[in-house]
Amino acid sequence: MVPFAIAGMQIPIVAGIDNTPAMRTALDILMHRFPWVQMVVFSELAAFGPLPGHAQLPGGPVEAEFREMAKSHRLWLVPGSYFERHGAAIHNTALVINPAGAVVARYHKMFPFQPYEAGVAAGTDFCVFDVPSVGRFGLSICYDMWFPETTRTLAALGAEVVLHPTMTDTIDRDVELSIARAMAAVNQCYFFDVNGVSGGGVGRSIVVDPCGHVLHQAGSGTEMIPIEIDLDQVRRSRRIGIRGLGQPLKSFRDRQVEFAVYDRARFDASSLDNLGPLERPGREPT
C-alpha cells in the first residue's frame, strides 16, 4: 500500500477581491483538524475570481504567499489557479508548491473557456510532477477535461493522480461529473475535480478512484474533502484491469491505428470548418 492524503478545498470565492487571506484561514483550519493531510488542492481562479484585470506577475507577492503557506504547513499545495501575466499574454495558471515552499511546476490552462474566457492565452505544455516515494501526478484545469486527449496524455506521461481545479458556476456541472468519472476510469487514475462555491462555482466537487468508483461527491456548500488514496490501486488496476476487466491503457499502448484526426496536414476536417466561428451565441431571431 502506498497511502497519500489529499484534501480538496471547496470554499466560497468572491470575484474581484484578494481571496488569499480566506484561503489561508481555510488551510489553517484544515490542518488543525486533519494534520495527516499531505497535499491540498483549491479550486480554479480561487485567488481573485474570474477577472483577468487582477492578473499577477510570476514570482509576485501572491506566489510568495502561497509558497509560505505550503512551507509553514509542510505540505504539497496547488492553490487553484489565478490569472498570470507573461509579457503581453495572460494565462490561467496553476502552481505546484512542495513542502519546502518551492514552486516545482507552473501550468498554463491549455483550453481557456472560449469564447467566454476572452483574452486568455492557451498554454501548450503538459504538467506532470513526482512526489518522492509516492508517485506521479498530473495537473489540468477546468475546461481542459472536456478534451479527453489532455487527460490521456497525462496518463501516458505516467500520471497516477490527476489534480483538476475547476470553476464551474453553470448548468453543465452534471455533465462534468460524468466526464470526471469517465476520465478516471479510461485512464485508470485517481481524479480530483475541485470546484468552488459562491462566486467560485456551484460546488459538487468529485473524487474518483482508478476503477471509476466515486469516493466522494460534495454538495453545494463549503466543504473540506480530506481523502487518503492508495497509489497501489492505480498500479494494480493498470496491471490486471479495471475491476479485473478492461485494460484501456495497455490497449492504447498496443494500438494498431494512429489517429489521423490529429494531423491537420493530412486529415480533412472541413466538416468542423462548417461549424462557424468560435463566438458567443446571440439571440435567435423571432
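None of the figures in this text is laboratory data; all of them are computed from the coordinates on show. Being a predicted model, the structure only gives us computed values, none of them experimental. All Cβ positions, glycine included, derive from the backbone under ideal geometry; neighbour counts span all protein chains shown.
Annotations for the structure displayed:
- Looking at the range 222-274, the chymotrypsin sites (Phe, Trp or Tyr not before Pro) that sit in a DSSP loop and have at most 14 other Cβ atoms within 10 Å of their own Cβ are Phe259, Phe267.
- Counting beta carbons within 10 Å around each of Lys250, Lys109 and listing the fewest first gives the order Lys250, Lys109.
- Average Cα contact separation per residue, the chain, under 8 Å, 6 or more apart, as relative contact order %: 19
- Distance between the pseudo-spin-label points of Ile171 and Val104 (7 Å out from Cα toward the beta carbon): 4.3 nm.
- When the chain is described by a simple charge dipole with +1 on each Lys and Arg Cβ and -1 on each Asp and Glu Cβ, the residue from Gly119, Gln38, Met145 located farthest towards its positive end is Gln38.
- The range 85-229 shape via C-alpha gyration tensor axes, a/c threshold 1.5: rounded
- Once you reduce the range 84-111 and the range 160-233 to the center of their Cα atoms, the two points are 21 Å from each other.
- The Kirkwood radius of the chain, taken over pairs of alpha-carbon atoms, gives through the Stokes-Einstein law at 25 °C and 0.890 mPa s a diffusion coefficient of 126 µm² s⁻¹.
- DSSP-assigned coil residues among chymotrypsin sites (Phe, Trp or Tyr not before Pro) in the range 1-105, each with at most 12 further Cβ atoms within 10 Å: Trp36
- Label separation (Val2 vs Lys71): 2.9 nm, computed from points 7 Å beyond Cα along the C-beta direction.
- Taking amide H as placed 1.01 Å from N in the peptide plane, the amide H of Gly80 sits under 5 Å from that of Phe42, each at least 5 places away or on another chain.
- Value of [θ]222 nm, deg cm²/dmol, for the chain, DSSP H segments ≥ 4, -39500 (n - 2.57) each, nearest 500: -7500 deg cm²/dmol
- Note on the range 3-273: antiparallel DSSP beta bridges, both residues inside, total approximately 60 percent of the bridges counted.
- Note on Ala22 and Glu258: the extension gain reaches 80.2 nm, defined as 0.36 nm multiplied by sequence separation minus the Cα-Cα distance.
- Formal net charge of residues neighbouring Leu177 (Cβ-Cβ distance under 12 Å; K, R +1; D, E -1): -1
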